[in-house]
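Student: I'd like to ask some things about the structure below.
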Amino acid sequence: MSDSHGPRLSYQPALPIPNGKTCLWLFLSTEIMFFAGLIGTYIVLRFGAVAWPAPHDVLLSEPLGAFNTFVLICSSVTVVLAFEAAKMNQSGKAKGYITLTLLLGCVFLGVKMYEYSHKFEHGIYPVKPHGMVYDKADVYYSAAVRKRLNDLKTPLTAKGPNATEDDKARILVIDEVMKKVDAAETAVRNQPDSPEGVIKLTELAYEIYPPHDQGTVIQAAEAGAIPPAIVVKYAAYEQPTADGKSEGKGEEREGINEKNPWLRLPIMIPGGPMWASTYFLLTGFHAIHVIVGLIAFALMLFTTLDRSRATLVENVGLYWHFVDLVWIFLFPLLYLF
Amino acid sequence: MSDHDQHTEVGHDSHDHAHHGGNGKYLLVFVALCLLTTGSFLTYFPFWRAHVPVPASRALMMAISCTKAMLVIMFFMHLLWEANWKWVLTIPATFMSVFLGLMLVPDVGWRINNGYARYSEERWVYAADPHKVEASDLKAAEKDLQREGAN
């Protein structure tokens, strides 16, 4: 037989780890590629974009993002402590740590939900029928503003003599904005070759939703999303200074939408729709992973987490660390870049 | 990392490494992760943005993220103490995601810092504003010409 010549090879039926762990690592390697693709696409879209909003333009709060990072790191520690406890056959302690992880995961999702709803309130959605974000202040934008104003005004005027003081005040506000829309549209129609109309439309857009960062105004102007003449007007917006005093003209920044929350007019953020698509896709997929992890933790609470279940705790833990890992990259890329 | 070599024997049972982790080590990693997060969060503050150029902060943030990722993978996911099977799963996955990233390089290269003159007509149709030749385009085109002249 040929066996007698060569060295004796012992047959290893599988990797020297439980099959469940092998499967989970295989799954994680597909997940690495899934998120590598998503993050790679984000980088191409973001740095290839003509204009990209500053974090504050799209109501991103960096401290909230940092807090969420901290929460996920804490939950990674608790899950690893649960694994150690399970290995020591301390089921109660392991369950305690898993409960803690579950709570921390819920805190993360809660913060995420708050962030999402805050953006939704201001009309920052990824899709047009619900989203109210426009890339530039063009005639489509002004048509959308006009439609929203008319939709608001019709029921108010229908009340006729029954209109309250509040209703009358609202009609006044609507008429005032409508005058500006009319003026801008007239300028576009009468002088199609002059930039006057676009300047008026952009000024209107910034009155409705002011820019939060001078840098993005300049960037948008360079990219041709807004007329350069606008930059001079908004150059008064403060740059971050060395001593950290950047909040000087807070009142000036209050837009029509902010003063009248019921108005909810369409807003113009250069690069905003693309930002919304990437942000909600990346954080949405990450949140789905968090939810799956939380379901796994919740189910684990119904079992005894002793030494015989240590592999289960380890596997779910590995998955959870991966979710933490993805957030480690998403936080700087989405909030701080 | 110094004890790495002692624990890479083939066939090492993954359940039998209670002596590797130790809750003290986990807490140390936790503190390191928090400090690193604070490090990248510093870029948020105005005094940082006033003094450090954006590309430098971005490079720093990515370096910090990679360090944090390595800490999580090595200690929390126990890869530091696993037997050699770990390479079977991690190396192909790393290769494939690196290749995936590399495949995007042409896209990134053509779009970033390449001057608006290099934007394709098709892309301008979907950009924030239909393409009109403006001062910035001319400047970019000039720069391109100079670059080509220099070569």
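Student: Considering only the stretch A:125-155, state which residues are open to solvent by less than 40 Å² (accessible area, probe 1.4 Å), in contact with a helix residue (DSSP H, G or I) (Cβ under 6 Å, 6 or more places away or on another chain) and closer than 30 Å to residue A:284 by Cα.
Tutor: Hits for the stretch A:125-155 are A:133, A:137, A:145.
Student: Consider residue A:87 against the criteria (1) open to solvent by 10 Å² or more (accessible area, probe 1.4 Å); (2) without any contact (Cβ under 8 Å) to a residue 60 or more places away in the chain: it satisfies all of them except one. Which criterion is unmet?
Tutor: (2)
Student: So is residue A:158 aliphatic (A, V, I, L, M) and open to solvent by 40 Å² or more (accessible area, probe 1.4 Å) or not?
Tutor: For residue A:158, the condition - aliphatic (A, V, I, L, M) and open to solvent by 40 Å² or more (accessible area, probe 1.4 Å) - is met.
Student: Between A:331, A:337, which is aromatic (Phe, Trp, Tyr), open to solvent by less than 10 Å² (accessible area, probe 1.4 Å) and in contact with a helix residue (DSSP H, G or I) (Cβ under 8 Å, 6 or more places away or on another chain)? Lay out the reasoning, then the answer.
Tutor: On the way: A:337 fails: open to solvent by less than 10 Å² (accessible area, probe 1.4 Å).
Residue meeting the stated conditions: A:331.
Student: Taking residue A:288 as the residue in question, decide whether it is away from chain B (no Cβ under 14 Å) and open to solvent by 60 Å² or more (accessible area, probe 1.4 Å). Show your work before the answer.
Tutor: Working: away from chain B (no Cβ under 14 Å): yes; open to solvent by 60 Å² or more (accessible area, probe 1.4 Å): yes.
So residue A:288 fits the description; yes.
Student: Could you go through the stretch A:26-37 and let me know if any residue there is among the acidic types (Asp, Glu), part of a helix (DSSP H, G or I), touching a residue at least 24 places away in the same chain (Cβ under 8 Å) and more than 7 Å from chain B (Cβ to nearest Cβ).
Tutor: Yes.
Student: Could we say that residue A:254 is open to solvent by 70 Å² or more (accessible area, probe 1.4 Å) and at pLDDT below 85 here?
Tutor: Spelling it out, residue A:254 is indeed open to solvent by 70 Å² or more (accessible area, probe 1.4 Å) and at pLDDT below 85.
Student: Follow-up question, since we're still on this one. Taking the stretch B:46-99 on its own, how many of its residues are open to solvent by less than 50 Å² (accessible area, probe 1.4 Å), outside any loop (DSSP other than H, G, I, E, B) and farther than 21 Å from residue A:62 by Cα?
Tutor: Within the stretch B:46-99, residues that are open to solvent by less than 50 Å² (accessible area, probe 1.4 Å), outside any loop (DSSP other than H, G, I, E, B) and farther than 21 Å from residue A:62 by Cα number 15.
Student: A follow-up question, please. Select from the stretch A:87-132 the residues that are touching a Phe, Trp or Tyr at 6+ places or on another chain (Cβ under 6 Å) and under 28 Å from residue A:276 (Cα atoms) and list them in ascending order.
Tutor: Matches in the stretch A:87-132: A:126, A:131.
Student: Related question: Please find, within the stretch A:309-328, the residue that is nearest to residue A:19 (Cα to Cα) out of those that are of a type in the set (D, E, K, R) and buried (at least 24 other Cβ atoms within 10 Å of the Cβ).
Tutor: A:314
Student: Tell me yes or no: at least one residue of the stretch A:290-305 is within 18 Å of residue B:62 (Cα to Cα) and part of a helix (DSSP H, G or I).
Tutor: Checked the stretch A:290-305: no residue is within 18 Å of residue B:62 (Cα to Cα) and part of a helix (DSSP H, G or I).
Student: Quick one: what pairs do we get from the stretch A:107-123, first residue on the phi < 0 side of the Ramachandran plot, second at pLDDT 95 or above and in a loop (DSSP other than H, G, I, E, B), C-beta under 9 Å, 6+ apart or different chains?
Tutor: none
Student: For the stretch A:48-62, does any single residue satisfy the condition of being facing chain B (nearest Cβ under 8 Å), open to solvent by 10 Å² or more (accessible area, probe 1.4 Å) and without any contact (Cβ under 8 Å) to a residue 40 or more places away in the chain?
Tutor: The answer is no, given that none of the residues of the stretch A:48-62 is facing chain B (nearest Cβ under 8 Å), open to solvent by 10 Å² or more (accessible area, probe 1.4 Å) and without any contact (Cβ under 8 Å) to a residue 40 or more places away in the chain.
Student: Restrict the check to the stretch A:106-122 and report whether at least one residue is β-branched (Val, Ile, Thr) and away from chain B (no Cβ under 14 Å). Explain how you work it out, then say what you get.
Tutor: Of the residues in the stretch A:106-122, the ones β-branched (Val, Ile, Thr) are A:107, A:111.
Remaining after also requiring away from chain B (no Cβ under 14 Å): A:107, A:111.
Checking the stretch A:106-122: at least one residue is β-branched (Val, Ile, Thr) and away from chain B (no Cβ under 14 Å).
Student: Please give the number of the condition residue A:13 fails out of (1) more than 8 Å from chain B (Cβ to nearest Cβ); (2) open to solvent by less than 20 Å² (accessible area, probe 1.4 Å).
Tutor: (2)
Student: Continuing with the same structure: Looking only at the stretch A:161-177, count how many residues are open to solvent by less than 70 Å² (accessible area, probe 1.4 Å), more than 14 Å from residue A:151 (Cβ to Cβ) and touching a helix residue (DSSP H, G or I) at 6+ places or on another chain (Cβ under 9 Å).
Tutor: 4
Student: Right, here's the next one. Scan A:184, A:225 and give me the residue that is in a helix (DSSP H, G or I), over 14 Å from residue A:266 (Cα atoms) and aliphatic (A, V, I, L, M). Break it down into steps so the answer makes sense when it comes.
Tutor: Values: A:225 fails: in a helix (DSSP H, G or I).
Among A:184, A:225, only A:184 is in a helix (DSSP H, G or I), over 14 Å from residue A:266 (Cα atoms) and aliphatic (A, V, I, L, M).
The values are calculated or read from the model by the stated rules, or taken from the named source; none is laboratory data. Please read all numbers here as calculations on a predicted model, not as lab measurements. Positions of Cβ are backbone-derived with ideal geometry, glycine not excepted, and every protein chain shown enters the neighbour counts. Ligands, DNA and RNA are excluded from the accessible area calculation, which covers all protein heavy atoms including side chains. Shrake-Rupley method; radii C 1.70, N 1.55, O 1.52, S 1.80 Å.
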